[in-house]
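Notes for the one structure printed next.
The values are calculated or read from the model by the stated rules, or taken from the named source; none is laboratory data. If you're wondering where the values come from, they're calculated on a predicted model, not measured in any experiment. Cβ sites come from the backbone with ideal geometry, for glycine too, and all protein chains shown count toward neighbours.
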Amino acid sequence: MTAELVALQRLFAWLSPAWPVGGFAYSHGIEQAIADGWLTGPETVRDWIADLLRHGAGRNDAILLAHAWRGEDVAELALALSGCAERRRETAEQGASFARAVSAVEDALPAAPYPVAIGIAAARAGVPLAETLALFLQAFASNLVTACVKSVPIGPLQGQRVLAELMPLIRAVAAEAETAGLDEQGGCALRGDLAAIRHETLQPRIYRT
């Protein structure tokens, strides 16, 4: 068994639904988008998640992860770039949960915003950056697809088709993030940001964000 395979096994474990970060509790504003009638089927779900990957938190978090993997201190920047209180809560709580689990199972890992914590852990474990970025974004998209399967009139197979259609974009965003500078961050996923902000007062609701 090669060292790279061992490292990838750890990455798959960290990003699997079984790793206790509570990802199922966060919808990244999608619950509000569903309530507002913006997500009604496979096409709208695919386009919504694509915008988050290309123009929103997906791309920004991937850039932060890459810089954390290289040993840069970007934790405060990651919190500052959170678009609203719920986005900040999402990245802080998942990052803290991720770090607690890594510390309990492997070696001590300081709490940090979620993409930053994953970048630090992956570098320490010898996981290649390219694979870390692609699988991190895949897990991000998968969690949002799962939230939509639970709440939007699309079934599990439609959800998997949506995810398959997003895979080329995931690879492209990961490749871009690998070499992007911190000053290349930014976003224009305005409806996603508004949904996350409005979700703070949504009642009743299932998800924390």
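Here are the numbers for the structure shown:
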item: Qualifying positions in region 162-203 - more than 16 Å from the chain's Cα centre (by Cα) and crowded, with 21+ Cβ neighbours inside 10 Å; result: Val162, Ala195, His199
item: Given (1) at pLDDT below 95; (2) in a helix (DSSP H, G or I); (3) exposed (fewer than 14 other Cβ atoms within 10 Å of the Cβ), index of the condition Gly159 fails; result: (3)
item: From Ile118, Ile170, residue being modelled with pLDDT of 95 or more, under 13 Å from Ala68 (Cα atoms) and not in a loop (DSSP other than H, G, I, E, B); result: Ile118
item: When residues of region 103-126 are limited to those that are more than 11 Å from the chain's Cα centre (by Cα) and closer than 13 Å to Leu15 by Cα, the one surrounded by the most Cβ atoms within 10 Å (Cβ to Cβ); result: Gly119
item: Hits in region 65-91 - residues which are crowded, with 23+ Cβ neighbours inside 10 Å, free of Cβ contacts under 8 Å to residues at least 60 places away in the same chain and of a type outside the set (Ser, Thr, Tyr); result: Ala68, Ala78
item: Any hit, region 88-108, residues being in contact with an Asp or Glu (Cβ under 8 Å, 6 or more places away or on another chain), assigned to a helix (DSSP H, G or I) and within 14 Å of Ala196 (Cα to Cα); result: yes
